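Here the structure is laid out as structure tokens; the discussion comes afterwards.
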Amino acid sequence: MEVGRGKVEQQPFARTIYSLAAKRFTGDLVLRQGRREYRSSWENGYIVAATSESPADSPGRVALAQGLVNSSTLGIYVQRLAATPGLDPVELLVELAKLTDGQRIALRQGVLARAASRIFALPNADFVMDNARTMRADAELAPIDLRWLIYLGLRSHYSLQRLRSELSAVGDRGLRLLKEAIPMLPAFGFTELETPILQKLKSQELSLANLLVISGLDEATVTSVVYALMACNYLSAGQPQAKMEDTTAPVPTPIPPEKKKSLEAATVRVRGGGTSKVSQQPGLAEETALLIHQKLQLLDSGADHFAVLGVPRGSTTVNVRTGYFTLAKRLHPDRLKAIGVPEVRDEAQRLFSAINKAFAVLSNAKELAHYEKVLAAGGEKAFAKEQREAEEMAIRIIRSEEHYYLGEMALRRNQFAHAEGEFRKACELNPEEGEYRALYAWCYYCNASDRAAIEREAYGLMAESLKMNAKSITIRLYNAKLLKLMGHKEEAIAAFRELKRMDPGNREGNLELRLLLE
């Protein structure tokens, strides 16, 4: 039976979620936005089951993120799953990647967490609460604590703009961590990254703006921590605080003497003769020119759009508009002409163009969301570099997979020279993949005309691959085979026994071990 409904944007949604946990809600929470629907089943205030249709939450993606499978295994998994839709995705991964029971449970727990966190991914959704559960809990999995899920959801699915909006009621009030909340902090899953924020909130009362100044961390992290704690009623709110000075902000230098002389001359000259209007407003031309000089220094130092407009990060649309129109009126070409500052006209035009661009970005929700990502990455150049590197990495990984498959095909036909070349290319393109290195080491040794001369090098490569992924059955198998081929019988026996312990059903490994023990 339905027991409640509402809209996500009606109030800070993390508070809504925590209130369900505090009331020990049992039933289903369903969120719908357009064609998307996310459902979670709750028991006594904990989430015990959830569904998500997002590809990012699939068992394959989760297993890859957890380091339980490599990209080559994932490719086989996708093909098998497409060919046989009825297969259990997790059990198929267990089979292909030879996962242990512990790894299987960790994978299922990760899939549940990913799906559950989707309740924070729909900012304009309608939600319904029903006291009848439609999904069964998996007895092997731990129920999800909503404090942990809230912080995960904020970090994973909230934009900086949404964080600011839902925390806007806090304003500039001083915040402090309640003493009784300190023992509860581990429930959020905070790491060393968040420790400076928590230490500051324990020791003193700080507004969000001041916490940003003194923590030295990015706004998304600080705001997410504060919001998560506020949602769970773990912070007290005191009196409003004045904002501290941010000493990391670029400080404009004084106007150069030579420029100052030029500006002083401009204040007593009127283009085309006659009486200057400046004489009626002493110092206005010099003040305006100084403003232009200081703003251009900010611009040239790489200041962001907020600094150029003279508004703090996180400003409302109203504040952005006010900042823009205040500057635009002072820097309009007609006004500059009227007050007699022709020497800085070109500089003013460059600045005028910059503030127009800043306003266009900050007053558009879509543009602002993208710009916040740019700022979080360290600026436009850093963001472009990050994007370019990510694209290049993706291309390298795809190409490395192609060479890996070609190498495997050649290896099956005992074409060691061909396989060696393909595995070498795969390693060059993706040096972080241990299985590529292991198969390259095997083929390099098998293909050598003088194996004794390269034995140490080949085994060094194999040892490196083991360090990179000691859980890989493929690496363990070829490590043992290489030891056997090199004539290190006792070490090979020990390696095959370890492989058998990790993967009792490995046919090739068990056969090799029996032959060595005969």
Alpha carbons only, please: Rg and Dmax for the range 9-144, in angstrom.
-> 16.2, 47
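Evaluate the relative contact order of the range 403-518 (contact order divided by residue number), counting alpha-carbon pairs under 8 angstrom at least 6 apart; express in whole percent.
Working: 138 pairs, mean separation 19.7, N = 116.
Here the relative contact order equals 17 percent.
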Backbone HN-Hα couplings from phi across the range 156-165 [Karplus 6.51/-1.76/1.60, Hz, Gly and Pro as x] | 8, 10, 8, 6, 4, 5, 5, 4, 4, 4
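Starting from the Cα-Cα distance between Arg350 and Leu517, subtract it from 0.36 nm times their residue separation and give me the gain in nm to one decimal. Working shown, then result.
On the way: separation 167, 0.36 × 167 = 60.12 nm, distance 8.15 nm.
That pair, Arg350 and Leu517, stretches by 52.0 nm at full extension.
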Can you grab the distance from the C-alpha centre of the range 403-449 to the C-alpha centre of the range 68-128, Å, no decimals?
-> 29 Å
So what's the net charge close to Gln161: Lys and Arg +1, Asp and Glu -1, counting the other residues with Cβ under 14 Å from its Cβ?
-> 0
Among Gly487, Ser449, Ala438, flag the residue with its Cα farthest along the positive direction of the charge dipole of the range 406-518, charges on Cβ as +1 for Lys/Arg and -1 for Asp/Glu.
-> Gly487
Provide, as a two-decimal number, the C-alpha radius of gyration of the range 455-518 over 2.2 N^0.38 Å, N being how many residues it has.
-> 1.03
Please give the length that would be gained between Val318 and His332 if that part of the chain were fully extended, namely 0.36 nm times their separation in residues minus their C-alpha to C-alpha distance (nm, one decimal).
-> 3.0 nm
Rounded to whole Å², per residue accessible area for the chain with a 1.4 Å probe reads 53 Å²
From phi via Karplus (6.51, -1.76, 1.60), per-residue ³J(HN,Hα) for the range 110-119 in Hz, x at Gly/Pro | x, 5, 4, 5, 4, 5, 5, 5, 5, 4
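Dipole of the chain, Cα-centred, from +1 at each Lys and Arg C-beta and -1 at each Asp and Glu C-beta, to the nearest 20 debye?
Details: 69 positive and 63 negative charges, 258 e Å.
Here the size comes out at about 1240 debye.
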Give or take rounding to whole Å, what are the principal axis extents of the alpha carbon atoms in the chain, in descending order?
-> 111, 68, 45
Dipole size in debye (nearest 20) for the range 27-67 around its Cα centre, Lys and Arg Cβ +1, Asp and Glu Cβ -1?
-> 180 debye
Counting only residues 5 or more places away or on other chains, whose amide H sits under 5 Å from the amide H of Ser315 once H atoms are built in the peptide plane?
-> none
Non-local amide H neighbours of Gly174 (under 5 Å, H modeled in plane, Pro and chain starts lacking H): which ones?
-> Gly238, Gln239, Gln241
Using only the alpha carbon atoms of the range 14-72, find the Kirkwood hydrodynamic radius as the inverse mean reciprocal pair distance, in angstroms to one decimal.
-> 13.3 Å
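Would you mind getting me the FRET efficiency between Asn131 and Leu193? Use the beta-carbon distance for r and R0 = 35 Å, nearest 0.05. Provide the component values of the computation, followed by the final result.
Details: r = 38 Å, r/R0 = 1.09.
Once the sixth-power term is evaluated, E becomes 0.35.
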Residue-by-residue Karplus 3J(HN,Hα) for the range 450-466, coefficients 6.51, -1.76, 1.60, Hz, glycine and proline x = 10, 5, 4, 5, 10, 4, 5, 5, 5, 6, x, 5, 5, 5, 5, 5, 5
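Would you work out the charge dipole size for the range 79-129 about its Cα centre, treating the Cβ of every Lys and Arg as +1 and the Cβ of every Asp and Glu as -1, and quote it to the nearest 20 debye? Intermediate results must be reported in sequence, preceding the final value.
Numbers: 6 positive and 5 negative charges, 28 e Å.
Result for the range 79-129 is approximately 140 debye, rounded to the nearest 20.
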For Ser54 and Asn124, what is the calculated FRET efficiency with R₀ set at 22 Å and r taken between the beta-carbons, to the nearest 0.05?
-> 0.85
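In whole percent, how big is the carbon plus sulfur part of the accessible area of the chain, probe 1.4 Å, protein atoms only? Display every interim value, and only then the final one.
Working: 14320 of 27490 Å².
On the chain, the fraction of accessible area on carbon and sulfur atoms equals 52 percent.
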Computed label-point distance, nm, for sites Glu91 and His157 using a 7 Å Cα→Cβ extension = 2.9 nm
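Per DSSP H run of n ≥ 4, the term is -39500 (n - 2.57); total these for the chain, divide by its residue number, and report the mean residue ellipticity at 222 nm rounded to 500 deg cm²/dmol. Before the final figure, lay out each step's value.
Working: 24 runs with 306 residues, N = 518.
Result for the chain, helices only: -18500 deg cm²/dmol.
The values are calculated or read from the model by the stated rules, or taken from the named source; none is laboratory data. Being a predicted model, the structure only gives us computed values, none of them experimental. Cβ: placed from backbone, ideal geometry, glycine included. Neighbour counts: every protein chain shown. For accessibility, only protein heavy atoms count, side chains too; no ligands or nucleic acids. Shrake-Rupley method; radii C 1.70, N 1.55, O 1.52, S 1.80 Å.
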